[in-house]
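These notes concern the structure reproduced below.
The values are calculated or read from the model by the stated rules, or taken from the named source; none is laboratory data. Because the structure is predicted, anything quoted here is derived from the model rather than measured. With ideal geometry, Cβ positions are generated from the backbone for all residues, glycine too; neighbour counts draw on all protein chains shown.
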Amino acid sequence: MKLTKLLGIAGLFLMALDQPAAAERATFGGGCFWCLEAVFEDLKGVTSVTSGYAGGHVENPTYEQVCGKQTGHAEVVQIEFDPKIISYNQLMKIFFTMHDPTTPNQQGGDHGPQYRSIVLYENARQKKETEAAKQAAQKDYPKPIVTEIVPLRKFYGAETYHQGFYKANPRQGYCSAVITPKIEKMRQKYASLLK
């Protein structure tokens, strides 16, 4: 009887080991969320990218409220990914490459606190890896990196028309002038990580 129980427990343990790892999430902002969404959705292991708002103090903010600079929120993306295929650390390296983390409250022509560079971590491991990635990225920039590293309190998905914006509007002026060059840069630099 005891042997049967032991074999049953061992079987359950082996079955648990065989299960795929749970998806992880990464949440960060580096300017317009349309840019980051378009960059990260082409990577192997990324299962979804959602544009939204985080880091503020207003419940369920709208795009207009966030642009009004009174909610404290940043435009961010929340990425779901399979850590067996792409690691959090790899995502962080791409993040620090694909925007200028040295400009407070600005990315290119986009100005305001909603465009700040920010990473919102969900656990101690993410915090530690983000701090290490920030430190490693500093060698690539002559000015200090100003990226905020804060705990994720709440993520709010942006309005439907913001989701998949680049794919739906690749020829729109902002998309072709700002997003397309970022995507081309990412595809050249990180070709081995593309789907």
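Just the residues that are part of a helix (DSSP H, G or I) and under 26 Å from Tyr63 (Cα atoms), please, taken from region 98-134. Outline the logic, then answer.
Applying the first criterion (part of a helix (DSSP H, G or I)) to region 98-134 yields 98, 113-115, 124-134.
Of everything in region 98-134, those that are part of a helix (DSSP H, G or I) and under 26 Å from Tyr63 (Cα atoms) turn out to be Met98, Pro113, Gln114, Tyr115.
Quick one: what pairs do we get from region 96-121, first residue closer than 23 Å to Glu64 by Cα, second assigned to a strand (DSSP E or B) and of a type in the set (Asp, Glu), C-beta under 8 Å, 6+ apart or different chains?
Gln114/Glu75; Tyr115/Glu75; Arg116/Glu148; Ser117/Glu148; Ile118/Glu148; Val119/Glu148
If Gly45 satisfies all but one of (1) on the phi < 0 side of the Ramachandran plot; (2) surrounded by 15 or more Cβ atoms within 10 Å (Cβ to Cβ); (3) in contact with a Pro (Cβ under 9 Å, 6 or more places away or on another chain), what's the number of the condition it fails?
(1)
Report whether or not Ala132 is among the hydrophobic types (A, V, I, L, M, F, W, C) and either surrounded by 15 or more Cβ atoms within 10 Å (Cβ to Cβ) or within 16 Å of the chain's Cα centre (by Cα) (or both). Walk me through it before giving the result.
Values: among the hydrophobic types (A, V, I, L, M, F, W, C): yes; either surrounded by 15 or more Cβ atoms within 10 Å (Cβ to Cβ) or within 16 Å of the chain's Cα centre (by Cα) (or both): no.
Against the criterion (among the hydrophobic types (A, V, I, L, M, F, W, C) and either surrounded by 15 or more Cβ atoms within 10 Å (Cβ to Cβ) or within 16 Å of the chain's Cα centre (by Cα) (or both)), Ala132 does not qualify.
Considering each residue of region 64-84, count those that are of a type outside the set (Asp, Glu) and either surrounded by fewer than 19 Cβ atoms within 10 Å (Cβ to Cβ) or farther than 21 Å from Asn105 by Cα (or both), and give that number. Show your work before the answer.
Residues of region 64-84 of a type outside the set (Asp, Glu): 65-74, 76-79, 81, 83-84.
Narrowing further to those that are either surrounded by fewer than 19 Cβ atoms within 10 Å (Cβ to Cβ) or farther than 21 Å from Asn105 by Cα (or both): 65, 67-70, 72, 79, 81, 83-84.
Matching residues across region 64-84 total 10.
Has region 5-24 got at least one residue that is closer than 27 Å to Ala133 by Cβ and either at pLDDT 95 or above or assigned to a helix (DSSP H, G or I) (or both)? Break it down stepwise before answering.
Keep residues of region 5-24 that are closer than 27 Å to Ala133 by Cβ, which gives 20-24.
Narrowing further to those that are either at pLDDT 95 or above or assigned to a helix (DSSP H, G or I) (or both): 24.
Scanning region 5-24 turns up at least one residue that is closer than 27 Å to Ala133 by Cβ and either at pLDDT 95 or above or assigned to a helix (DSSP H, G or I) (or both).
List the pairs whose first member sits in region 146-168 and is within 12 Å of Tyr63 (Cα to Cα), whose second member is assigned to a loop (DSSP other than H, G, I, E, B) and acidic (Asp, Glu), and whose Cβ atoms are under 9 Å apart, counting only residues at least 6 apart or on separate chains?
Close Cβ pairs (under 9 Å, with a partner that is assigned to a loop (DSSP other than H, G, I, E, B) and acidic (Asp, Glu)) amount to Tyr156/Glu59.
Yes or no: Pro61 part of a loop (DSSP other than H, G, I, E, B), touching a residue at least 60 places away in the same chain (Cβ under 8 Å) and surrounded by 21 or more Cβ atoms within 10 Å (Cβ to Cβ)? Give the steps one after another, and end with the answer.
Values: part of a loop (DSSP other than H, G, I, E, B): yes; touching a residue at least 60 places away in the same chain (Cβ under 8 Å): yes; surrounded by 21 or more Cβ atoms within 10 Å (Cβ to Cβ): yes.
Yes.
Condition check: part of a helix (DSSP H, G or I) and closer than 23 Å to Phe81 by Cβ. Does Ala137 satisfy that? Break it down into steps so the answer makes sense when it comes.
Values: part of a helix (DSSP H, G or I): yes; closer than 23 Å to Phe81 by Cβ: yes.
Yes: the conditions hold for Ala137.
For region 28-49, which residues satisfy the criterion of being small (Gly, Ala, Ser), assigned to a loop (DSSP other than H, G, I, E, B) and within 20 Å of Glu148 (Cα to Cα)? Outline the logic, then answer.
Taking region 28-49 as the starting set, the residues that turn out to be small (Gly, Ala, Ser) are 29-31, 38, 45, 48.
Add one more test, that the residue is assigned to a loop (DSSP other than H, G, I, E, B), and what stays is 31, 45.
Hit for region 28-49 is Gly31, nothing else.
Quick check on region 90-122: of everything there that is among the acidic types (Asp, Glu) and farther than 20 Å from Lys154 by Cα, which residue is modelled with the highest pLDDT? Spell out how you get there, then give the answer.
Residues of region 90-122 among the acidic types (Asp, Glu): 100, 110, 122.
From the residues that got through so far, the ones that are farther than 20 Å from Lys154 by Cα too are 100, 110.
On the way: Asp100: 96, Asp110: 92.
Only one residue tops the list, namely Asp100.
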